[in-house]
1. Select the strands (runs of 3 or more DSSP E) contained entirely in the range 7-59, then report the ones holding at least 2 residues which are of a type in the set (Ser, Thr, Tyr) and surrounded by 13 or more Cβ atoms within 10 Å (Cβ to Cβ).
2. Answer yes or no: is there a residue in the range 20-32 that is among the acidic types (Asp, Glu) and more than 19 Å from ILE7 (Cα to Cα).
3. Consider the range 46-71. How many of its residues are hydrophobic (A, V, I, L, M, F, W, C), more than 15 Å from ILE26 (Cβ to Cβ) and touching a helix residue (DSSP H, G or I) at 6+ places or on another chain (Cβ under 9 Å)?
4. I'm told ASP31 meets every condition in (1) within 17 Å of LEU69 (Cα to Cα); (2) of a type in the set (Asp, Glu); (3) modelled with pLDDT of 95 or more except one. Can you identify the failing condition by its number?
5. Under 6 Å between Cβ atoms, which residue pairs at least 6 apart in sequence (or on different chains) link something in the range 31-53 that is at negative phi with a partner that is part of a helix (DSSP H, G or I) and small (Gly, Ala, Ser)?
Amino acid sequence: MFNPKYIFMHLVIANLMFVLKLHSGIIIPTDDVDGRTIYSIPSAGIEYAYKAEIIQYLETGKFNYDEDLED
């Protein structure tokens, strides 16, 4: 069983990584779809992804489109 503190810290680190990569230009805001910003990561070949999809990618190392994830 996972320790809740570990899961919380994992989410915090993924969110911090998102912010750092966004401000350093690795993650690029691309457009707005239905009021949600979409992003691209050209170096990883990822285009038109929501924030939650990118955070999941940062956590797992595997990218999947899933528009039902909450930002």
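The values are calculated or read from the model by the stated rules, or taken from the named source; none is laboratory data. Since the structure is predicted, the reported quantities are computational estimates derived from the model, not experimental observations. Using ideal geometry, Cβ is built from the backbone for each residue, glycine included, and neighbour counts are taken over all protein chains shown.
1. The qualifying strands (runs of 3 or more DSSP E) are 36-41.
2. Yes, some residue in the range 20-32 is among the acidic types (Asp, Glu) and more than 19 Å from ILE7 (Cα to Cα).
3. Residues meeting the conditions: 1.
4. Checking ASP31 against (1) within 17 Å of LEU69 (Cα to Cα); (2) of a type in the set (Asp, Glu); (3) modelled with pLDDT of 95 or more, the one that fails is (1).
5. Filtered contacts from the range 31-53: no entries.
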